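The structure appears below as structure tokens.
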Amino acid sequence: MLYLHVDSGLDSWRKAFHQQQPDLQVVVAGDDFDPAAVRWVAAWNPPEALFAGFPNLEGIFALGAGVDAFVRRDDLPADIPLIRLLDAGMAQQMVEYILWALLTVQRDFDVYARQQQQGIWQEQMARSMGEMRLGILGLGALGQKVAQQLAGLGYKVAGWKRSPLILEGVQVLTGDQGFDDLLKQSDVLISLLPNTTQTRGVLNRSTLGRLPQGAVLVNVARGVQVVDEDLLQLLDEGHLRLAVLDVFHQEPLVQGHPFWRHPRVVMTPHMAAATLPEPAVEQVLGNLQRLASGQEPLGLVRADSGY
Ligand code: OXD
């Protein structure tokens, strides 16, 4: 029996499970079932103490890429595998979102929006894709696909990862020196980093200040990676041209936060890459099969790295 917890679209999730594996019993809050019979939980934004209610749990599937809401909890026994989604339709959405941000600056649509408000008719000198140097922080399952697709379109793409990696068409940098080099050469810095103790606050005055004059930040990872005051200062001082933000310290972003009205901030409500029920369920079921045959599931979260 698998217990399902999602914030929205419950019917689509149940349907996807039913269509792909009709014999798997899927239960949700409010159903009549014995908690002791629940072996698996598939969840997004799991409420506090959710897992403690199931004494015979064998594994937990996070229905997303980031597992920060699943780690460091009191109700999650350390010996139970935590498995996250890898891509499952999210990479393509990320590419689309980032491409929108890139085209906004490459073709100066942010400038034209301001010019329109001021009644100014003036053509800007657009850059080509090959003139845009992108720096992608985080080359995990999503980051790698995003990097390669953007490189395939003609952008100059570099990426940073903790451990070395060979990725065709992408310059991969590692270590502290690599991080510094990436910052210095990125016209657009894109965060796809996981949320860990090391990445919290990593986008601050010191790091963002090392980006070239007029650079742009795109954050599609987690809001806590950004020190908001530092970002606002760098935007106000004109060091950064634009910040495209999909994620925030607190979501929904509190009313009155300066991001809402800042002329150099473009914000969206954490929608860059939604979890799509069908590919996500396919991945969960594939992993259930792997576990049943003694194989390691894909997307197993490592306790030491937290992702
Ligand atoms: C995720 C997210 O981590 O949607 O999947 O933020």
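The values are calculated or read from the model by the stated rules, or taken from the named source; none is laboratory data. A quick note: this is a predicted structure, and the numbers were derived from the prediction, not measured. Using ideal geometry, Cβ is built from the backbone for each residue, glycine included, and neighbour counts are taken over all protein chains shown. Only protein heavy atoms, including side chains, enter the accessible area calculation; ligands, DNA and RNA are left aside. Shrake-Rupley method; radii C 1.70, N 1.55, O 1.52, S 1.80 Å.
Just a few scattered comments:
- Among the candidates Glu278, Glu296, Glu251, Glu237, the residue that is over 23 Å from Ala113 (Cβ atoms) and away from the ligand (no atom under 16 Å from the Cβ) is uniquely Glu296.
- Verdict on Trp13 being under 21 Å from Leu298 (Cα atoms) and more than 12 Å from the ligand (Cβ to nearest atom): yes
- Restricting attention to the range 254-274, the residues being at negative phi and away from the ligand (no atom under 16 Å from the Cβ) number 12.
- Put simply, of Arg200, Arg241, Arg210, Arg205 the only residue that is under 21 Å from the mean Cα position of the chain (by Cα) and among the basic types (Lys, Arg) is Arg200.
- Counting only helices (runs of 4 or more DSSP H) wholly contained in the range 77-196, the ones carrying 2 or more residues that are of a type in the set (A, V, I, L, M) and either in contact (Cβ under 8 Å) with a residue 60 or more places away in the chain or surrounded by fewer than 23 Cβ atoms within 10 Å (Cβ to Cβ) (or both) occupy 90-106, 109-118, 141-153.
- Residue among Leu242, Leu291 that is in contact with a Lys or Arg (Cβ under 7 Å, 6 or more places away or on another chain), in contact (Cβ under 8 Å) with a residue 60 or more places away in the chain and more than 16 Å from the ligand (Cβ to nearest atom): Leu242
- Candidate set from the range 34-67 (those that are open to solvent by 40 Å² or more (accessible area, probe 1.4 Å) and within 13 Å of the ligand (Cβ to nearest atom)); member that is nearest to Glu296 (Cα to Cα): Trp44
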